[in-house]
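Here's the structure, in structure tokens; my notes come after.
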Amino acid sequence: MAATGVLFDGVWKKFQRGERHDSLRDLIPALVKRAVGAGPRTSELQEAEFWAVRDVSFEVQPGQALGIIGPNGAGKSTVLKLLNRILAPTRGRCEIRGRVGALIEVAAGFHPDLTGRENVYLQGAILHMKRTEIARRFDEIVEFAGLCEFIDTPVKRYSSGMNARLGFSIAAHLQPDVLLIDEVLSVGDMGFQQRCVDRMSEFKRQGASIVFVSHNLQAVAGLCERALFLHREVRAMGPSPEVIEQYVRTADTPRAPAGARAVEITRTEVLDASGRQIVMAPASAALTLRVSYRVHRAVEDLLFGFLAYRSSDRLPVYDANFGSEEMRLGALAPGDEFTIDFRFRANLARGQYHLGCHVYDRRTQEYTDRLCPSGILTIDESRTYAGIANLDVAPSIAT
Amino acid sequence: MRFDDMRLLIREQIEYRELLVQMVRRDLLLRYKQTIMGFGWAIFMPLVNTAIFSLVFMRVAPIDTGLPYPLYAYCGLLAWNFMASSLRFGVVSLTSNTSLVTKIYFPREIFPFAAVFVALVDAAIGSLVLIGLMAWYGVWGGPAILLLPVVVAVHVMFTAGIALLLAMSHLFYRDVKYLFDVVVSVAMFATSVVYPVERVGGVLGQVLAMNPLNAIIDAYRAVLLRGTAPAPGPFLAAAVISVMLLCVAWMVFHRGELAFAEHI
């Protein structure tokens with residue numbers, strides 16, 4: 001292992017479900033029970049215990065960033081707490097070399113009755129910055145947070161955004177070897193978020209090892225070359241786009257049981273113009289989402305939905321329904337099978353998108369089936385810097 | 001107990017000394033901002049108690065302490081208050097900083113230690129009144145005052161050791177605070193704070209005399225008011241106990257530290 005960096009080696013962490021004894025009244029029976037024969041505590045699971053993190057290993061070298069993604073309760077924050085020495089692993093080894101900066105609850109040390117200025121010094125000390133270091137960078141910190149005129153106001157009068165901005169700003173002026181980040185990008189306005197992202201990339205360039213936990217998959221993909229899909233244990237680890245795709249595929253809404261579906265979606269494919277199945281396409285490519293259906297109950301009057309949204313933040317890009325009469329699809333009987341080609345043009349900016357489809361019965365007014373994602377599409381394009389739509393801009397000198 | 005561990009703990013504490021200073025500053029600043037009397041409270045409480053006990057032990061049941069009674073009582077109360085308020089804030093120091101304990105890493109000892117140093121600042125302010133009283137009664141111990149830092153150091157170590165244990169046990173069992181409130185008010189009368197416990201006599205008196213705090217509080221009176229060195233036997237014993245208590249408490253605290261975030 002290098003002089004700085006992060007090592008997580010076969011780490012297991014056990015938690016207890018339900019109440020613990022908190023008062024002496026409960027302690028005494030518990031002690032008696034333990035003395036009588038419950039035996040010594042082991043790293044095996046006992047009743048009401050569960051593994052919050054199971055056999056997780058990874059390593060982050062200087063200048064690398066690892067994104068940790070997964071559903072709520074998957075153990076992401078626990079991993080960060082283990083790294084940050086707030087929790088101890090039940091088994092395994094967890095090591096951090098170098099100065100740790102944690103962008104976790106960035107305003108945790110703030111006291112509402114103290115002014116911004118006083119809190120900067122306090123929080124700085126909590127983050128293990130030297131007083132002289134804080135004093136030197138004080139103006140920078142305040143300016144980055146955009147709070148110059150409020151710095152001598154008690155923090156209790158701050159808005160929650162101001163609070164978080166100041167907290168982030170302090171943490172961002174630490175010079176860490178290892179940076180742990182937990183969902184900080186959810187604070188502040190767009191401009192501030194962009195500055196945060198820039199700041200983190202800068203740390204990376206300067207050789208910090210970064211562990212980034214977030215639900216913002218776009219931000220993970222932007223900052224981290226590798227990602228870890230965690231759900232109590234490692235589900236996938238590797239290059240970010242692949243891991244994100246794997247996560248997104250599993251993360252979606254469960255379908256109704258097969259028996260309940262009047263019309264079932266049996267198969268979906270994303271095809272290019274020559275009919276080949278693809279996962280990546282250039283911008284403005286002519287593509288097809290081919291969806292096969294099977295009918296289980298007699299139906300007529302259906303709506304077929306086609307939708308697309310950005311994978312990282314679920315931003316809807318397109319959502320429309322097409323009636324069965326439009327496609328000249330008559331009444332359907334049980335056992336019927338048919339396929340619809342949704343031809344579309346991928347006028348999208350670079351990034352990852354989900355395609356989805358559903359069937360809606362206008363008579364019963366319910367969805368007979370939906371499948372999301374029915375396809376994942378990565379648009380490979382390098383012109384745009386940000387955005388979702390490809391406007392096919394063509395600049396030229398006007399004559 | 002391993003000395004290497006202890007060295008490591010002390011080194012970490014030195015590394016984080018600025019945080020300790022900031023925490024002490026925070027608490028003092030807050031009190032100054034949140035209360036009208038501010039630091040006046042540091043003087044007010046021992047002064048009121050001195051007045052009450054002076055009434056009892058000068059008018060109702062006079063006792064001879066070899067010193068003007070108000071001076072005897074104020075000196076004892078000042079030392080006692082240092083310890084009592086250290087522990088009163090120390091006991092809840094972890095539980096009242098939940099968000100820090102569960103979110104950010106730094107040595108957790110900072111919390112109880114900060115409580116002790118805040119109380120020490122209060123005691124320093126309270127000692128201004130003591131100086132006034134000494135001038136009023138014309139009592140002055142002379143060069144023995146040079147031993148004061150030693151007495152304070154022993155007292156601080158003893159207090160810090162107990163503060164560590166209390167803060168930790170309160171985190172795991174919230175009964176501790178209530179138990180503490182009872183014990184501390186009883187303990188004051190089991191210690192030579194407002195009267196010499198030797199005067200209790202009998203078996204109880206002998207038991208009470210074993211309290212190491214007696215030696216410490218009497219040591220303050222010796223070096224400040226009587227102009228003598230502290231009684232060597234009892235004070236040395238108290239010093240040894242204090243050092244050992246702090247070391248053991250610190251190690252125990254350190255062992256428990258990693259479970260704090262899960263149990264708070």
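Please state, as a whole number in µm²/s, the translational diffusion coefficient that the Stokes-Einstein equation yields for the range B:17-64 at 4 °C and 1.567 mPa s, with Rh defined as the Kirkwood radius across alpha carbon pairs. Intermediate results must be reported in sequence, preceding the final value.
Numbers: Rh = 13.2 Å.
Here the translational diffusion coefficient equals 98 µm²/s.
When shorter helices are ignored and each DSSP H run of at least 4 residues is given -39500 (n - 2.57), the per-residue value for chain B at 222 nm works out to -24500 deg cm²/dmol. Evaluated at q = 0.15 Å⁻¹, the base-10 log of the normalised Debye intensity for the range B:3-263, with identical point scatterers placed on the Cα atoms, takes the values -1.15. What is chain B's relative contact order, in percent, from Cα pairs under 8 angstrom and six or more apart in sequence? Relative contact order here is 26 percent. Take every DSSP beta bridge whose two residues both sit in chain A; close to 75 percent of them are antiparallel. The helix-based estimate of mean residue ellipticity at 222 nm for chain A, built from -39,500 (n - 2.57) per DSSP H run of four or more residues and divided by its residue count, is -7000 deg cm²/dmol to the nearest 500.
For B:K103, a cut-off of 30 angstrom between C-alpha atoms picks up these lysines, skipping any fewer than 8 places away in its own chain: A:K13, A:K14, A:K76, A:K81, A:K130, A:K156, A:K204, B:K33, B:K177. Here the Karplus relation 6.51 cos²θ - 1.76 cosθ + 1.60, evaluated at θ = phi - 60°, turns the backbone of the range B:183-192 into coupling constants of 4, 5, 6, 6, 4, 4, 8, 8, 10, 6 Hz, with x for every Gly and Pro.
Taking Cα atoms, how many degrees apart are the long axis of helix A:190-205 and the longest axis of chain A, rounded to 10 and kept between 0 and 90? Here the helix axis deviates by roughly 70 degrees. Can you give me the angle between helix B:148-172 and the longest principal axis of chain B, using Cα atoms only, in degrees from 0 to 90, rounded to the nearest 10? In chain B, helix B:148-172 runs at an angle near 50 degrees to the longest axis. When only alpha carbons are used to place a centre, the range B:1-54 and the range A:98-149 end up 22 Å from one another.
When only the Cβ of Lys, Arg, Asp and Glu is charged (+1, +1, -1, -1), the dipole of the range A:253-380 relative to its Cα centre reaches about 280 debye.
Explain nothing, just the number: dipole magnitude of the range B:3-263 about its Cα centre with +1 on each Lys and Arg Cβ and -1 on each Asp and Glu Cβ, in debye rounded to the nearest 20. Don't skip to the answer; put the middle values down first.
Working: 17 positive and 15 negative charges, 90 e Å.
For the range B:3-263, the charge dipole is close to 440 debye.
Quick one: grab the alpha carbon gyration tensor of the protein assembly as shown, order the square roots of its eigenvalues as a ≥ b ≥ c, and give me rounded if a/c is under 1.5, else prolate or oblate depending on whether a/b is larger than b/c. Prolate, because a/c is 1.5 or more and a/b exceeds b/c. The chymotrypsin sites (Phe, Trp or Tyr not before Pro) of the range A:309-399 that DSSP puts in a loop, and whose beta carbon has at most 12 other beta carbons within 10 Å, are A:Y385. In loop segments of the range B:124-166 as defined by DSSP, the chymotrypsin sites (Phe, Trp or Tyr not before Pro) with at most 16 further C-beta atoms inside 10 Å of their C-beta are B:W140. Between helix A:116-126 and chain A there is an angle of about 80 degrees, using the helix long axis and the longest principal axis of the Cα atoms.
Provide a whole-number value for the mean count of partner chain Cβ atoms within 10 Å of the Cβ atoms in peptide B:103-110.
Details: counts 14, 15, 13, 6, 0, 0, 0, 2.
Taking the mean over all residues of the peptide, I get 6.
Note on the range A:253-380: antiparallel DSSP beta bridges, both residues inside, total approximately 95 percent of the bridges counted. Of the options A:V6, A:S374, B:Y16, report the single residue whose Cα projects farthest towards the positive end of the charge dipole of the protein assembly as shown (beta-carbon charges: Lys, Arg +1; Asp, Glu -1). Going by the Cα projections, it comes out as B:Y16.
Select from the range A:127-236 those trypsin sites (Lys or Arg not before Pro) which occupy a DSSP coil region and have at most 16 other Cβ atoms within 10 Å, ordered by residue number. Listed in order of number, the matching sites are A:K130.
Each of B:L213, A:A331, B:S185 was scored by the projection of its Cα onto the charge dipole of the protein assembly as shown, and the greatest displacement toward the positive side belongs to B:L213; charges sit on the C-beta of Lys, Arg, Asp and Glu. Just report the Cα centroid separation between the range B:140-200 and the range A:286-330, whole Å. Taking the Cα centre of the range A:286-330 as reference, the centre of the range B:140-200 is 76 Å away.
Just so you know, all these numbers are worked out from the coordinates, no wet-lab data involved. Source: prediction; values computed, not measured. Please note: Cβ atoms are built from the backbone with ideal geometry, for glycine as well, and neighbour counts cover all protein chains shown.
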